[in-house]
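The values are calculated or read from the model by the stated rules, or taken from the named source; none is laboratory data. Everything numeric in this text was worked out from a predicted model, so none of it was measured. Here the Cβ is made from the backbone with ideal geometry for all residues, glycine too, and neighbour counts use every protein chain on show. These area figures cover heavy atoms from the full protein model, side chains too; ligands, DNA and RNA do not enter into them. Shrake-Rupley method; radii C 1.70, N 1.55, O 1.52, S 1.80 Å.
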Amino acid sequence: MTLSFEDFPTGRVGTFGPRHVTREEILAFATEFDPQPMHLDEEAAGRSMLNGLAGSGWHLCAIIMRMMFDGFIGRTASLGSPGVNELRWLAPLRPGDDLMLDVDVVEARISKSRPETGIVTFKVVARNAAGQILCEMVSPIIVSRRGPVAAEEVR
């Protein structure tokens, strides 16, 4: 079943995970995309403000996107996103973390310029198994509406 705009009222979408993060994938991502010492070298990471090896925030965002895709976006009539409204990294991603995502709809509105679509804004909170929040993100996606659009909505 494909989810449309009407399937996303304000409130909880769901909790997704766990997703286990390994040291090897942290190193692989950092080597390819964010080769800073705190993401690649245990000794250097221990001397950093992160006090130990930590995954890149961009790695965490990529994992969040995958978890969202597997959880609901992959079966949603998504037309893409106009961007990210807010992104905050609050605690480091560590090797061995088991990530959970809490996803809520904070706003759902019909597009004024394209009434056959709606804009659904999600708040995503990523946390580890201890409940520590690692990242918060607020991001809209454009979603097709179900069925025909009434003539009065097209102006």
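Details
- Dipole magnitude for the stretch 5-155: computed about the Cα centre from +1 point charges on Lys and Arg Cβ and -1 point charges on Asp and Glu Cβ, it is near 480 debye.
- Helix 57-71 and the longest principal axis of the C-alpha atoms of the chain enclose an angle of approximately 40°.
- P(r) tail, the stretch 63-155: Cα-Cα pairs separated by more than 20 Å, 43% of all pairs.
- Note on the chain: GNM, Cα springs under 10 Å; of Met137, Met49, Met100, the largest mean-square fluctuation is that of Met49.
- Charge tally in the Cβ shell below 15 Å around Leu40, where Lys, Arg are +1 and Asp, Glu are -1, Leu40 excluded: -4
- The relative contact order of the stretch 11-105 comes to 49 percent, based on Cα pairs under 8 Å that sit 6 or more residues apart.
- Debye-formula intensities of the chain, expressed as log10 I(q)/I(0) at q = 0.18 Å⁻¹, are -1.01 (one equal scatterer per alpha-carbon, no solvent).
- Neighbour cut-off at most 12 other Cβ (10 Å), DSSP loop, trypsin sites (Lys or Arg not before Pro), the stretch 56-151: Lys112
- Charge tally in the Cβ shell below 11 Å around Leu3, where Lys, Arg are +1 and Asp, Glu are -1, Leu3 excluded: 0
- Computed extension length for Ala130-Arg88: 13.2 nm, one decimal, from 0.36 nm per residue of separation with the Cα-Cα distance subtracted.
- Computed on the Cα atoms alone, the convex hull of the stretch 1-61 gives a volume of 146 cubic angstrom per residue.
- Rolling a 1.4 angstrom probe over the protein heavy atoms with all chains in place gives the chain an accessible area of 55 Å² per residue.
- For the stretch 47-113, the Kirkwood estimate of hydrodynamic radius, built from reciprocal distances between every pair of different alpha carbons, is 14.6 Å.
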